[in-house]
Amino acid sequence: MKKKKSIQNFFAHFALTLLALLWVSPLAWIILTSFRAQKGAYTSSFIPKKFSLDNYIKLFTDTTILNFPRMFWNTFIIAIFSCLISTFFVLSVAYCMSRLRFKMRKTMMNIAMILGLFPAFMSMIAVYYILKAIGLSEGVMIRVALVLVYSGSAGIQFYIAKGFFDTIPKTIDEAAFIDGANKWQVFTKITMPLSKPIVVYTVLTSFIAPWVDFIFARVICRANADYYTVALGLWQMLEKEYADNWYTCFAAGAVCISIPIAILFMLMQKCYNESMSGAVKG
């Protein structure tokens, strides 16, 4: 039995190693390509023959055709504001659906679940014409439009957060009400500190969504290159007229846009380990 178990463990670890190599290989290829000195989209080897930092230098200094620093800044601003607004909306709606009881509550939850089955880009044409009608489709207001698009409907994605709030004992809320706290104080001073894992999850997903979105950014920005996001910039680097000179810069840009997400995750990952131990005694 011991020998059989060792053989099973060997094959299990072997399969996991192969899967890990498959998952890591695209990331390794992007990083290696970003340091490749040879231009062009195609090479004869996986590992570059010569390494260089020229791709990163060109990415941030050559702004005559593709202004990547401006695109990066546009995306960063949009992602920050969208993250803050979306996180507040999602957690507020989730708390209300979990803790409060009111008319049409179940009906609203069912409607939200049905609407969530449809992809968001089905409404992008209607959303664009609404934004155009209120003057948010030109100039600097494009940033405002993108923030509204990414955060306006965020509250409908409350189901995961609601499921987490449901696991927090209601006796904690009742004890706070007895001590004189109101619903807002219970939400901000008791529920939120006990819900750090779901807060981290909501922050990360709310930040990543506008950071990697292409469809809505393309529809709303159109030809306004000054307000392009990094997704549009990277896509433009692969167009026929730019691919030969900007392909390796595309790889460098792909590495650069992963850095803010990685930093945000590292700063907030410790909150995943927060637990509710000691919250309820008895």
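Quick look at the numbers
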{"item": "Residues (outside any helix (DSSP H, G or I) and either among the hydrophobic types (A, V, I, L, M, F, W, C) or under 27 Å from Ala262 (Cα atoms) (or both)) located in the range 203-246", "result": "Asp213, Phe214, Ala223, Tyr228, Thr229, Leu238"}
{"item": "Test for Thr202: is it in contact (Cβ under 8 Å) with a residue 24 or more places away in the chain, out of contact with any Pro (no Cβ under 7 Å at 6 or more places or on another chain) and either under 18 Å from Asn74 (Cα atoms) or of a type in the set (S, T, N, Q) (or both)", "result": "yes"}
{"item": "Residue check for Gly155: small (Gly, Ala, Ser), more than 14 Å from Met71 (Cα to Cα), in contact with a helix residue (DSSP H, G or I) (Cβ under 9 Å, 6 or more places away or on another chain) and buried (at least 17 other Cβ atoms within 10 Å of the Cβ)", "result": "yes"}
{"item": "Search result, residues across the range 110-126 that are touching a residue at least 12 places away in the same chain (Cβ under 8 Å) and surrounded by 14 or more Cβ atoms within 10 Å (Cβ to Cβ)", "result": "Ala112, Gly116, Ala120, Met124"}
{"item": "Qualifying positions in the range 39-56 - touching a residue at least 60 places away in the same chain (Cβ under 8 Å) and either in a loop (DSSP other than H, G, I, E, B) or open to solvent by 80 Å² or more (accessible area, probe 1.4 Å) (or both)", "result": "Lys39, Gly40, Ala41"}
{"item": "Tabulated pairs, the range 236-251, first of a type outside the set (Phe, Trp, Tyr), second surrounded by fewer than 12 Cβ atoms within 10 Å (Cβ to Cβ), C-beta under 6 angstrom, 6+ apart or interchain", "result": "Asp244/Gly40"}
{"item": "Boolean, Phe102 is under 22 Å from the mean Cα position of the chain (by Cα) and not in a helix (DSSP H, G or I)", "result": "no"}
{"item": "Condition check for Lys189: assigned to a helix (DSSP H, G or I), in contact (Cβ under 8 Å) with a residue 60 or more places away in the chain, under 26 Å from Cys96 (Cβ atoms) and open to solvent by 20 Å² or more (accessible area, probe 1.4 Å)", "result": "no"}
{"item": "All positions within the range 57-90 that are part of a helix (DSSP H, G or I), open to solvent by less than 50 Å² (accessible area, probe 1.4 Å), touching a Phe, Trp or Tyr at 6+ places or on another chain (Cβ under 8 Å) and not β-branched (Val, Ile, Thr)", "result": "Leu59, Phe68, Pro69, Met71, Asn74, Ala79, Ser82, Cys83, Ser86"}
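The values are calculated or read from the model by the stated rules, or taken from the named source; none is laboratory data. Everything quoted here is computed from the prediction, not taken from an experiment. Methodologically, a virtual Cβ is constructed for each residue, glycine included, from the backbone with ideal geometry; neighbour enumeration extends over all protein chains shown. Ligands, DNA and RNA are excluded from the accessible area calculation, which covers all protein heavy atoms including side chains. Shrake-Rupley method; radii C 1.70, N 1.55, O 1.52, S 1.80 Å.
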